[in-house]
Each structure stands twice: as C-alpha cells, then as structure tokens.
Amino acid sequence: MIARAVFLDRDGVLMEDANYVGQIERVRVIPGAAAALRQLREAGFKLFVVTNQSGVGRGYFPREAVDQIHEHLAQHDIRPDRYYICPHHPEDGCDCRKPKPKFFFEAAREYGVDLAHSYMIGDRPSDILAGQNAGCRTILVLTGVGRETLARNEVRPDHVASDITAAVEWILTRNASCSQA
C-alpha cells in the first residue's frame, strides 16, 4: 500500500491569513477546514502542515506562540500528523523555507510517503513551487492570497479550488477514479 499525504499551508488555507499571526485571539479557522481534514484522514492520507513563520525570525512573536496557535487549532479539530515549521527570516538563507522542499523530503523519509502520489494545498507561489519541487500534485486555493496569486499568473498548479473543502473534493474524486482503474 502506497503511503499518500496531503501537505497544507497553514495561513490562508486552514486559517485566515491575518499577516503574522502570533496571538490566539487573531486565529480564525476557515469554515470547513476541520471536516476536510477528517475526510482526507478517513481516505487514508497522512496530513502535514508546512508553514513559513518568519514572524519568529523577524522578532514579532516567539516560537512558543506558533506552538500555542497549533494547540488552539487542535481544539478546532485541526490535527495534522505533524507540523513542519520554518521560523527563519526570508534573508536567513535557511534550507527549510518554502519553496524549498526539505520538509516534504523529511516527511517522505519519516513516514514512508510517496510524494508522487501526494498533494500540496496552498495559497501562495511558494506553496505551489514547494509542492512541485517535491514532486507532488499542487492545488491553489483562492482563500488567503490565492486570488492574487492566480491573477499574477506566477505559478501553474495542477488545480485551482475555491477553498480547502473544494480542494479536498478534487483530491478525493481523483483518488477514487485512480483506485478504480
């Protein structure tokens, strides 16, 4: 059995992108996100959130604030198998900031994931490029800054979806047709 995964960006996909969210009070879960993740898990997908959190590297909030937000998301039934977090400033030159695929390769190694049978859902060019760089299928959602990303035509995702719910429907439809072949 092939281990499949869905990699997800956090801000703009699972929760509203409120520009450097470092406080729980600013977290707004995108409607349908928890149900969409449940559907993926029930279909046998591993779930990983891959998130650039440069607010830590910029000194806007401590690393612990990111963990507190993830604990808060768990209270809203947002529970991925793992969070992969890049806390660095964009100019730090780290090897983990999207669009670099380091975390995808780590998940593949640690969880036995076949990246060619996996997906990345995001709203920014860096999300789509990270998924492509890892060999995943990519879905651009129009929440967060997705509409602006689409309008700039900077990336070519495999699919464009209105939100996380529509993205998951597309994945599950593709998965059902592939398993019947």
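Below, the figures for the structure above:
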| quantity | calculated |
| --- | --- |
| Convex hull of Cα atoms in the chain, direction-averaged projection (nm²) | 9.8 nm² |
| Computed [θ] at 222 nm, deg cm²/dmol, the chain (DSSP H ≥ 4; -39,500 (n - 2.57); rounded to nearest 500) | -11500 deg cm²/dmol |
| For region 11-87, convex hull of alpha carbons as volume per residue, Å³ | 76 Å³ |
| Charge tally in the Cβ shell below 15 Å around residue 40, where Lys, Arg are +1 and Asp, Glu are -1, residue 40 excluded | +2 |
| Most fluctuating residue given options 150, 115, 129, as computed from a GNM of the chain linking Cα atoms under 10 Å | 150 |
| Computed E for residue 162/residue 28 - FRET, C-beta separation, R0 22 angstrom, nearest 0.05 | 0.80 |
| Between region 107-149 and region 1-74, the Cα center-to-center distance that results, in Å | 14 Å |
| Karplus-derived HN-Hα couplings along region 142-158 (A = 6.51, B = -1.76, C = 1.60, θ = phi - 60°), whole Hz, x at Gly and Pro | 8, 7, x, 9, x, 5, 5, 4, 5, 5, 6, 6, 7, 9, 10, x, 5 |
| Peptides 69-80, 117-128 ordered by average Cβ neighbours within 10 Å, highest first | 117-128, 69-80 |
| Net charge, residue 115 excluded, C-beta distance under 10 Å - Lys, Arg +1, Asp, Glu -1 | +1 |
| Packing-based ranking, highest mean first, of 51-64, 22-35, 3-16, 132-145 given that Cβ atoms within 10 Å are counted | 3-16, 132-145, 51-64, 22-35 |
| Label-reachable residues, region 84-116, where backbone N falls under 20 Å from a point 7 Å from residue 19's Cα toward its Cβ | 89-91 |
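Throughout, read-outs are computed from the coordinates displayed, never taken from laboratory work. All values derive from a computational prediction rather than experimental measurement. Virtual Cβ from ideal backbone geometry, glycine too; neighbours counted across all protein chains shown.
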